[in-house]
1. Determine if region 314-331 includes at least one residue that is under 14 Å from ALA272 (Cα atoms), modelled with pLDDT of 95 or more, in the same structural domain as GLN176 (by TED's automatic domain parsing) and part of a strand (DSSP E or B).
2. On the given criteria, is ARG276 in the same structural domain as GLY341 (by TED's automatic domain parsing), over 21 Å from ALA324 (Cα atoms) and among the charged types (D, E, K, R)?
3. Given (1) out of contact with any Gly (no Cβ under 8 Å at 6 or more places or on another chain); (2) over 20 Å from TYR23 (Cα atoms), where does PHE132 come up short, assuming only one miss?
4. For region 187-201, which residues satisfy the criterion of being surrounded by fewer than 20 Cβ atoms within 10 Å (Cβ to Cβ) and within 16 Å of ILE256 (Cα to Cα)?
5. Output the strands (runs of 3 or more DSSP E) that fall wholly within region 12-70 and possess 2 or more residues being within 22 Å of ASN170 (Cα to Cα) and aliphatic (A, V, I, L, M), or say none.
6. Scan region 292-310 for residues that are buried (at least 24 other Cβ atoms within 10 Å of the Cβ) and among the aliphatic types (A, V, I, L, M) and jot them down.
7. Which condition number in (1) part of a helix (DSSP H, G or I); (2) assigned by TED's automatic domain parsing to the domain that holds ARG187; (3) over 18 Å from LEU211 (Cβ atoms) is the one that GLU359 fails?
8. Restricting the search to region 219-272, which residues are in contact (Cβ under 8 Å) with a residue 12 or more places away in the chain and basic (Lys, Arg)?
Amino acid sequence: MVSFDRSLAGEGGTDAVARHKRYAKLLQGSLSVVVVTPPGYPHLKVNERFEILPTNAKGLAGHAWSIFYYYRIIRRAQHIHLIISQDLAAPLLLLLKWYTRLPLLVTVHGIWWDDWFSEKKWWHRWYLPFIFYSFKKADAVRVVSHYLRNELIARGVRANRVHVIPVPVNLELFSQCDPEALEEVQRKIPSPFALSVGRLEREKGFDQLLLAWEQLQKEGITAHLAIIGEGSQRQALEAWVREHKLESSVTFVGRIASEHLSPYYHAARCVALASRSESFGKVLVEAGAAGKAAVATDTHGAAEIIITGKTGYLVSQGDMRAFAQKMADLFQNSVLAEELGQEAHAHVMNAFDGDKNSEKIVRLWKQVAINKS
């Protein structure tokens, strides 16, 4: 498997390692994950079934050489049955598929092929057509939402090759909460508060969320906003908060490991997610598992999780006045927040069972490998 998720390579902050350990256990075989990284990351032998191999390279050619090098090393030690590629590496792994005659499964977690991607680096524009060509030539493509499936089919990927399996979430981790940890969070963050979790990057919309929060404060709502996460936008967001004199009602908590997030969810009145783009919305599943209502912009991912008016609220993209009003409704009516949270919990526990989705993912891997053997 080739991944771009550096939390697998030791950066932490997510449950990625735990999820892949689960895959390896269900696989009843070995799982080797090559993670695209700059130099300096260690080789991690997690257990006998699961290892993480960083490319530790610079530039496209360096990463490509590392991936092929690891393929040769792994091939000498054991038989390889399947190649799994995260979307961006698909063209390179398609070449490996042709060279080895092994089946290729591509995973697509979101829509990133917009104007921003094409303009970020000079070579992205010509690389993009090869990515979509690779999707069409892969033996299977796994996506995390029905919207993504429809998007890929519209771009020419055969419908019978596109499989929808959401990112597995350990619901038990968020449905339960240690009382002492909960008390500690309640001491640190004034109640009631809204919680927002995510990377502090433009696509996650924290600048939009702060606009809604400013509107909420102008309406005289006594509440607090806790933001968990790190990213390139943090300094700019903190500066904006200071400039608009919101320091007393906004706390930047920083990065919190996934296994320590539960008390923050349980202590919050509601969860707010103002993303510009969200293909799945894992935070909304975690919130539901914790029994919390969510207010979110109507991204495609959020629309597949929130039943608006029943488990939370979906707000039109960019309408931060409406976003502020829905948060105000939950702050002013704790009974409503509790009722929506209970519905969210029941919905999430039924529709997004992490163990079942892990089993579906590994079953798909085995099916693709067997069909091409």
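The values are calculated or read from the model by the stated rules, or taken from the named source; none is laboratory data. Predicted model, so just to flag it, every value in this text is computed and none were measured. Using ideal geometry, Cβ is built from the backbone for each residue, glycine included, and neighbour counts are taken over all protein chains shown.
1. yes
2. Answer is no for this residue.
3. Among (1) out of contact with any Gly (no Cβ under 8 Å at 6 or more places or on another chain); (2) over 20 Å from TYR23 (Cα atoms), PHE132 violates only (1).
4. Selection gives LYS188, ILE189, ARG199.
5. Result: 31-35.
6. Within region 292-310, ALA293, ALA294, VAL295, ALA296, ALA302, ILE305, ILE306 meet the criteria.
7. Here GLU359 clears every test but (2).
8. Correct list: ARG234, ARG255, ARG269.
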